[in-house]
Structure formats: C-alpha cells, structure tokens
There are 2 protein chains.
Amino acid sequence: MKLASLKQGRDGRLVVVSGDLAWCADATHIAPTLQAALDDWENVAPGLELLATDLAHEAIPMMRFHERLAAAPLPRAYQWADGSAYVNHVQLVRQARGAELPESFWTDPLMYQGGSDGFLGPRDPIPLADEAWGCDLEAEIVVVTGDVAQGSDRETALGAIRLVGLVNDVSLRNLIPAELAKGFGFVQSKPASALSPVLVTPDELGDGWRDGKLHRRLDVDINGAPFGRTQAGEDMTFDFGTLIAHLAKTRSLCAGSIIGSGTVSNRDADGGPGRPIADGGRGYSCIAEVRMVETILNGAPSTPFLKRGDTVRIWAEDDRGHSIFGAIEQTVG
Amino acid sequence: MKLASLKQGRDGRLVVVSGDLAWCADATHIAPTLQAALDDWENVAPGLELLATDLAHEAIPMMRFHERLAAAPLPRAYQWADGSAYVNHVQLVRQARGAELPESFWTDPLMYQGGSDGFLGPRDPIPLADEAWGCDLEAEIVVVTGDVAQGSDRETALGAIRLVGLVNDVSLRNLIPAELAKGFGFVQSKPASALSPVLVTPDELGDGWRDGKLHRRLDVDINGAPFGRTQAGEDMTFDFGTLIAHLAKTRSLCAGSIIGSGTVSNRDADGGPGRPIADGGRGYSCIAEVRMVETILNGAPSTPFLKRGDTVRIWAEDDRGHSIFGAIEQTVG
C-alpha cells in the first residue's frame, strides 16, 4: 500500500494513495496522521490495507491525488538518522581531497543524526538564505521503522521496516568542512530535507525490495536535464537492516524513525568513478560527486552548486515506467 | 509554572505541578500532552497558568506528585540538540589529550544533533548493555523552545524559550573516540538521555534566569556522595539564545525542540581546572572531567566510569533549598 499526508496542520492528514498515484482516500477515521498509524501499526495497518484494496476497486469515495498538495509523509518525525551506505561515494570524497579511506569504513557504517523536526514537502522550495553556502541535493532511499529494541540484530531490524521512500537530503557543502573538523557532525550544514510525496510498504515493491535494499533506478534531473540514473540496489555496502542495527546498538528506536541510505552512488563498469550521463555513465545523485570526479580527472571542479531558481527532480519508476513514490521536485528559493 | 508528564502511553499525561513539587493537577482538558501544549502555546499557556494558580490556592482537585511516577516531560521530542557552552570543559578534554583548543571554539559554538525519539524518565534505570562502553553521566541545563524561524537572532531566540529543566546526557566514553574520528558526530556513543521530572517557565526562576542562563548551582551526587556543586551561571561562554540562534542559522526549529547547554563546568578560583569537592572545589558534572584533571595532574585517570548498580542524582535548588525541577536519579541497570 501507498501512504501520504495531505498538507494540514503540523502533521498532515493521512490518506491512502492508489498504486498509480492518481487517486487517494481519506484515512483519518483509521488514524489521523501517519505517525499515529506507525504508533499502533499492528492494529492500524490491516484497516489501511483494506482501504487501499477498496480504493483499488473504486469501491469508496476517492479524491484526485495531487503531489503538489502533499506534505512530507512525516512533516515532523522523532528521528532522522542518515547512513553513508554507498561507500563508493565516501571513497570519492576522500580521493578528491587526497585522503585514504580507512579500511574500517567497509565494515563500520558511517551515520549521522539529522534534524527531524521539519521535513519539507515534495514541492516545497529549498529555503536557501545564502548561495555562498554551496547548496547541493543528495538523492537517497529512506525507510521508516516501527519500534526497534536496543541491541536488535540485522534480521530483527529488517522486520521492523514499515515503509520505503525517497529523500532529498539538502546539504550546504561550503559549511561542511568546518563542521566536520569540529567532529560533532552536521548542524548548520544539513538544513531541512524533503521527503517523497508517498511512502510505500515493502510488499508493494515486489522483487524491487530484497536483501534490505531497494533494487530500482534512482532518477535525478537538474533543471530538466538528466543528472543521475543510478541503481540503488548496486554498490550499497550496508543494507537497511545493518544500518538500523548499527543505530540501535546502544538504544531503542521509536516507531516512525526515518533511516537514510546516504547518497546513492555507483562505480563505473570499469570499477572507476561513475561517468556523467552525457558520457554514457549513470551520472550522480549529488553535485558534490561530479565535482569530485572533475577534481580527480581535471584537478578542479567545474559543475556549480545550486543557485536560486534551479530545480531538482528526484523519482523512481517501476518496471512499467510508473512513478513509485511520486517525485520530489524543488526549486531553490 | 511547573509542568510534568505522568507516565501514560507514548507521550505521557500533562499535569501542572505545585511550586514545592508536592502536588499536581491534571491538565489534559487543556492540552493532552506537553507537546500539544507547546504546539499551541499562545492559546494554551494562559489556561495552564490559571490552573497553576488554582493549584497554588488549593482551589481544585489535586493529586500528590511523585517524581517516580513522572515520565520525561517530553518522552519523545522532535529535536534534541546539545551544545558545549562551557568551553572550560572542552579545553580540559583537549588538554588531557595534549591537543590545542582552536581559538574559534570561543566564538563558534560546538553542538551536536542528538537522538530525541526516546527520553528516559527521571527515575528510569540507564539500560547499559556493556560496562566496557565506559558509561558516564553529563549533568546539563536544557531549554525547550517554541517555533523558531530560520535565521533568528539571539534576542528572538531568547524570546522563544518556553521551559527550562535538567538533563542527564548519558555518554559512552569508550565509544566516543572512534565516532569522533569519523567526524559525523555521536550515534552509538550517546544513548537515551533522561530529563528532570519537571520543566519550569523562565518567570518561575525569578532572578535565577537572566542573560539566557540559569544562575543556580547544579548538584550531582554519585552513590550518595557529593560529586558536583558547579554554578551553571558561571563560565557559560554561549548563552541559550546564542545556542538556539546557532542551530537556527540555516533552518527553522519546531516547537518542542530541546536545546542543551553541554556539561556544566567551572574553572577553579585560581583559573585552573576545577578541584574535587573533597579538596574544597566545586567538583564536576561528569566523570570524564575528573578523569581529565587526574590525567593532567597525575598522568592517568583514577576515577572509574559508572558500573552496574551505581546511582547518579542530579538536581538544583532555589534560594530556600527547595528542589526546582525535581531530581534525576538513575541507577545503571
């Protein structure tokens, strides 16, 4: 099933969305908000599934679903923890600045605790106050968990995954080096992220969800031009079960925790850094990565970060070319 | 006024607590939870104030208030961001490991994004799975904000402070070096923190709240012995207005955001590191600090981290020696 939150109040209004994203049905008589549904998932999910079936059969009152009217499915969440599961991306970052990748990075996940108190809706502008901050997108996969007990292993963690979606983890590249040097993670350099209009249950993804990974292409356009066509199921060193278990090693996680994959990143077929789409490659899920490749190849980056008025579009399609989660489409404002 | 959440469900049940912490009155007819009150503070606070006045006059049905029945006032919150405002503490950390303190640390606040999805109640045990992790307390001051717009200055941020309280920011010292080396902040090394039984409005603190700082002594006992008697109003390089404005530089903050001061830490009267209470000093708000002082003076630390069965007590008193926020009292379990 597919779930979304229409804009209303602080937490939105829960709707069930049809598979083709054309229609939705009010679900507030079952749970007023997505967080409320996640808080009592075992009892609530069957009712939502039934509603989704009725919606598919056009057996109930339904409304057109407009992605532009959707809030983030969780407009505010109790947790947002973002991994860096595509170690290829991390290796490129290091290579571009001449640093070695520690061997432990292949076995010990990188993860940061992000701000979760405000997620942007999928069509909300990116509220950038200063272009000099170096605004970048990061297209990623996210999962939303149920409750996870402290010390849960990977298998248990996989079983706690309730929903899957996409995120644009907006990053202010020129603020990152100073914050990383302080060692305390990201505070100012990671402003509010945007979530996809729709989150879906893993079963909705069929064969596209296996081994704790989303096996779909992740599409990114910048200003209407293809920028990324990476495969999210490839080069993901740490699957979502491993990421969740990493976070839960010393504490339990509350239902509604959002866990991110980190920027999706593929190596080139020859094992080197990925090439731009124009050169026959799969492109990138963030501007920083193409700038790193440019630095490695040419000694300096040439692709600029986002400027006011630039538009970013992030989506994924099923086998028939239909949008799975709807599109994140944001203009820098 | 003083507010608390009695244990019930995921978010507790809002009560107004008498000034002496002996009595409380149900407030759920005004707002079911503290988060709900913070979401609509302008409309809700006057009703809560009226209830507090009635409670003080014993004009309404009241119940005994037992700190042991209190949940964290916000059992789960949308944000927990912890500063390191007592730069003295940071300087000692660095000195103990032979590193210089960057000059910028006196002007640019250190802050990390913490996990906010589960705060322990004031009497909940610390769920430590492995003593080898090096369990430590950190006694700190916290404030809870209303909504804060992106780019707010210090004055505006000060005006957004709704409530003041205490936190035990539990830290796993032996997991910290590896996480700091990764640069992404704390994930496994900062498990769930505990909040004081009661949060209070700034006006309740009278002269004890000024310049965006709590001017009260912060008391810490370990296993019944005095460990810390620091002055929270002294040596706080960054006041709460500055900390909130730092966090809000690139994004807005949601009502109910919890902002921490970092470990309260005083210099000795002679300007050197603080001395233990037994030696006539003010002691410490975390074990790591006495270990750093021991390292500087003796070449090695001698005070051990917390073991199973150890008890930590954190509180603050008003001029008459009455507990302001109630006590955090946790046993390592």
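Taking B:Gly206 as the residue in question, decide whether it is within 30 Å of B:Lys2 (Cβ to Cβ), away from chain A (no Cβ under 14 Å), outside any helix (DSSP H, G or I) and among the small types (Gly, Ala, Ser).
Details: within 30 Å of B:Lys2 (Cβ to Cβ): yes; away from chain A (no Cβ under 14 Å): yes; outside any helix (DSSP H, G or I): no; among the small types (Gly, Ala, Ser): yes.
No.
Cβ-Cβ below 9 Å, separation at least six or inter-chain, first residue in the range A:149-169 and over 19 Å from A:Gly233 (Cβ atoms) and assigned by the TED database to the domain that holds A:Asp203, second modelled with pLDDT under 95 and buried (at least 22 other Cβ atoms within 10 Å of the Cβ): which pairs?
none
How many residues are surrounded by 24 or more Cβ atoms within 10 Å (Cβ to Cβ) and either among the hydroxyl-bearing types (Ser, Thr, Tyr) or more than 21 Å from B:Phe186 (Cα to Cα) (or both) if we restrict to the range A:172-194?
Qualifying residue count for the region: 2.
Hey, could you check the range B:21-46 for residues that are within 20 Å of B:Gly159 (Cα to Cα) and either small (Gly, Ala, Ser) or more than 25 Å from the chain's Cα centre (by Cα) (or both) and say which is surrounded by the most Cβ atoms within 10 Å (Cβ to Cβ)? Can you show your working first?
Filtering the range B:21-46 down to residues within 20 Å of B:Gly159 (Cα to Cα) leaves B:34-46.
Next, only the ones that are either small (Gly, Ala, Ser) or more than 25 Å from the chain's Cα centre (by Cα) (or both) stay: B:36-37, B:43, B:45-46.
Working: B:Ala36: 15, B:Ala37: 23, B:Asn43: 11, B:Ala45: 19, B:Pro46: 11.
Going through the qualifying residues, I end up with B:Ala37.
Here's the yes/no breakdown for (1) part of a helix (DSSP H, G or I); (2) more than 25 Å from B:Tyr78 (Cα to Cα); (3) modelled with pLDDT of 95 or more:
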| position | (1), (2), (3) |
| --- | --- |
| A:Gln35 | yes, no, yes |
| A:Ala81 | no, no, yes |
| A:Ala85 | no, no, yes |
| A:His89 | yes, yes, no |
| A:Leu92 | yes, yes, no |
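Looking only at residues that are buried (at least 24 other Cβ atoms within 10 Å of the Cβ) and among the aromatic types (Phe, Trp, Tyr) in the range B:209-265, which one is farthest from the chain's Cα centre (by Cα)?
B:Phe227
Identify, from the list B:Arg275, B:Arg267, B:Arg216, the residue that is away from chain A (no Cβ under 14 Å) and modelled with pLDDT of 95 or more.
On the way: B:Arg275 fails: modelled with pLDDT of 95 or more; B:Arg267 fails: modelled with pLDDT of 95 or more.
Exactly one residue qualifies, and that residue is B:Arg216.
Tell me, please, whether a residue that is of a type in the set (S, T, N, Q) and surrounded by 15 or more Cβ atoms within 10 Å (Cβ to Cβ) can be found in the range B:93-104.
Applying the first criterion (of a type in the set (S, T, N, Q)) to the range B:93-104 yields B:95, B:104.
Filter again for surrounded by 15 or more Cβ atoms within 10 Å (Cβ to Cβ), leaving B:95.
Yes; the residues of the range B:93-104 include at least one that is of a type in the set (S, T, N, Q) and surrounded by 15 or more Cβ atoms within 10 Å (Cβ to Cβ).
For the condition closer than 23 Å to A:Thr331 by Cα, among the aromatic types (Phe, Trp, Tyr) and outside the structural domain of A:Thr33 (by the TED database), what is the one hit in A:Phe227, A:Phe184, A:Phe240?
Details: A:Phe184 fails: closer than 23 Å to A:Thr331 by Cα; A:Phe240 fails: closer than 23 Å to A:Thr331 by Cα.
That would be A:Phe227, the only listed residue that is closer than 23 Å to A:Thr331 by Cα, among the aromatic types (Phe, Trp, Tyr) and outside the structural domain of A:Thr33 (by the TED database).
Among the residues of the range B:61-89, how many are of a type outside the set (A, V, I, L, M, F, W, C), within 14 Å of another protein chain (Cβ to nearest Cβ) and under 19 Å from B:Ala37 (Cβ atoms)? Quick ask: steps written out before the conclusion?
Step one: filter the range B:61-89 for residues of a type outside the set (A, V, I, L, M, F, W, C), giving B:61, B:64, B:66-68, B:73, B:75-76, B:78-79, B:82-84, B:86, B:88-89.
This time we only want the ones that are within 14 Å of another protein chain (Cβ to nearest Cβ), so: B:75-76, B:78-79, B:82-84, B:89.
From what is left, the residues that are under 19 Å from B:Ala37 (Cβ atoms) are B:75-76, B:78-79.
Residues meeting the conditions: 4.
What pairs can you find where one residue is in the range A:1-29 and of a type in the set (Phe, Trp, Tyr), the other is outside any loop (DSSP other than H, G, I, E, B) and surrounded by fewer than 17 Cβ atoms within 10 Å (Cβ to Cβ), and their Cβ atoms are less than 8 Å apart, with a gap of 6+ or different chains?
Between residues of the range A:1-29 that are of a type in the set (Phe, Trp, Tyr) and residues that are outside any loop (DSSP other than H, G, I, E, B) and surrounded by fewer than 17 Cβ atoms within 10 Å (Cβ to Cβ), the close pairs are A:Trp23/A:Met63; A:Trp23/A:Arg64.
Can you tell me which residues in the range B:200-247 are in contact with a Gly (Cβ under 6 Å, 6 or more places away or on another chain) and on the phi > 0 side of the Ramachandran plot?
Of everything in the range B:200-247, just one residue is in contact with a Gly (Cβ under 6 Å, 6 or more places away or on another chain) and on the phi > 0 side of the Ramachandran plot, namely B:Gly212.
The rows are residues; the columns are (1) assigned by the TED database to the domain that holds A:Ser261; (2) of a type outside the set (Val, Ile, Thr); (3) touching a strand residue (DSSP E or B) at 6+ places or on another chain (Cβ under 8 Å).
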position: A:Gly47; (1), (2), (3): no, yes, no
position: A:Ala56; (1), (2), (3): no, yes, no
position: A:Leu101; (1), (2), (3): yes, yes, no
position: A:Gly114; (1), (2), (3): yes, yes, yes
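Which of the residues spanning the range B:78-92 are under 25 Å from B:Asp147 (Cβ atoms), hydrophobic (A, V, I, L, M, F, W, C) and touching a Ser or Thr at 6+ places or on another chain (Cβ under 6 Å)?
Once the filter is applied, which keeps residues that are under 25 Å from B:Asp147 (Cβ atoms), hydrophobic (A, V, I, L, M, F, W, C) and touching a Ser or Thr at 6+ places or on another chain (Cβ under 6 Å), the range B:78-92 yields B:Trp80, B:Ala85.
Look through the range A:170-186, keep the residues that are in contact with a strand residue (DSSP E or B) (Cβ under 8 Å, 6 or more places away or on another chain) and touching a residue at least 12 places away in the same chain (Cβ under 8 Å), and return whichever of them is nearest to the other protein chains (Cβ to nearest Cβ).
Among those that are in contact with a strand residue (DSSP E or B) (Cβ under 8 Å, 6 or more places away or on another chain) and touching a residue at least 12 places away in the same chain (Cβ under 8 Å), it is A:Gly185.
I'd like to verify a number: residues in the range B:90-145 that are more than 20 Å from the chain's Cα centre (by Cα), of a type outside the set (Gly, Ala, Ser) and more than 12 Å from chain A (Cβ to nearest Cβ), how many?
9
Looking at (1) within 10 Å of another protein chain (Cβ to nearest Cβ); (2) among the hydroxyl-bearing types (Ser, Thr, Tyr); (3) not in a helix (DSSP H, G or I), can you tell me which one A:Ser152 breaks?
Result: A:Ser152 passes all but (1).
In the range B:235-250, what count of residues is obtained for those that are out of contact with any strand residue (DSSP E or B) (no Cβ under 9 Å at 6 or more places or on another chain) and under 18 Å from B:Gln91 (Cβ atoms)? Write out each step before concluding.
Initial filter on the range B:235-250 (out of contact with any strand residue (DSSP E or B) (no Cβ under 9 Å at 6 or more places or on another chain)): B:237, B:249.
When the remaining residues are screened for being under 18 Å from B:Gln91 (Cβ atoms), the result is B:237.
The number of residues fulfilling the criteria is 1.
Among the residues of the range B:39-62, are any within 24 Å of B:Pro125 (Cα to Cα) and out of contact with any Lys or Arg (no Cβ under 7 Å at 6 or more places or on another chain)?
no
Mind checking whether some residue in the range A:148-160 is within 29 Å of A:Asp279 (Cα to Cα) and either in contact with a Gly (Cβ under 6 Å, 6 or more places away or on another chain) or at pLDDT below 95 (or both)?
No, the conditions are met nowhere in the range A:148-160.
Being farther than 21 Å from A:Met1 by Cα and not acidic (Asp, Glu) is the filter here, so list the residues in the range A:315-330 that pass it. Walk me through how you get there before you give the answer.
From the range A:315-330, those farther than 21 Å from A:Met1 by Cα are A:329-330; that's our starting set.
Answer for the range A:315-330, where residues must be farther than 21 Å from A:Met1 by Cα and not acidic (Asp, Glu): just A:Gln330.
Based on what the data block shows, is A:Glu49 farther than 24 Å from B:Tyr78 by Cα, charged (D, E, K, R), out of contact with any His (no Cβ under 8 Å at 6 or more places or on another chain) and not in a helix (DSSP H, G or I)?
No: the conditions fail for A:Glu49.
When the range B:187-203 is examined, which residues are found to be within 14 Å of chain A (Cβ to nearest Cβ) and not charged (D, E, K, R)? If you could, list the steps in order and put the result at the bottom.
Restricting attention to the range B:187-203, the residues satisfying the condition of being within 14 Å of chain A (Cβ to nearest Cβ) are B:187-194.
Within the range B:187-203, B:Val187, B:Gln188, B:Ser189, B:Pro191, B:Ala192, B:Ser193, B:Ala194 qualify.
Enumerate the pairs (first residue in the range A:98-114 and in contact (Cβ under 8 Å) with a residue 24 or more places away in the chain; second residue anywhere and polar (S, T, N, Q) and surrounded by 12 or more Cβ atoms within 10 Å (Cβ to Cβ)) with beta-carbon separation below 6 Å, excluding pairs fewer than 6 apart on the same chain, so at least 6 apart or on different chains.
A:Leu110/A:Ser84; A:Gln113/B:Gln113
Scan the range B:290-328 residue by residue and report those that are at positive phi and in contact (Cβ under 8 Å) with a residue 40 or more places away in the chain.
Initial filter on the range B:290-328 (at positive phi): B:299, B:309, B:321, B:326.
Once the filter is applied, which keeps residues that are at positive phi and in contact (Cβ under 8 Å) with a residue 40 or more places away in the chain, the range B:290-328 yields only B:Gly326.
Results for (1) under 20 Å from A:Ser116 (Cα atoms); (2) in a helix (DSSP H, G or I), shown as yes or no for each residue.
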| site | (1), (2) |
| --- | --- |
| A:Val187 | yes, no |
| A:Ala192 | yes, no |
| A:Asp221 | no, no |
| A:Gly241 | no, yes |
| A:Ala245 | yes, yes |
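Filter the range A:291-333 down to the residues that are β-branched (Val, Ile, Thr) and assigned to a helix (DSSP H, G or I), then identify the one that is nearest to A:Ala194 (Cα to Cα). Please lay out each step first, then the result.
Our first condition is that a residue be β-branched (Val, Ile, Thr); within the range A:291-333, this holds for A:293, A:295-296, A:303, A:311-312, A:314, A:324, A:328, A:331-332.
Then keep just the ones that are assigned to a helix (DSSP H, G or I); that gives A:293, A:295-296.
Values: A:Val293: 26, A:Thr295: 29, A:Ile296: 30 Å.
Only one residue fits best here, namely A:Val293.
The values are calculated or read from the model by the stated rules, or taken from the named source; none is laboratory data. Quick caveat, the model's predicted, so the values are computed rather than measured. Backbone-built Cβ (ideal geometry, glycine too); neighbour counts: all protein chains shown.
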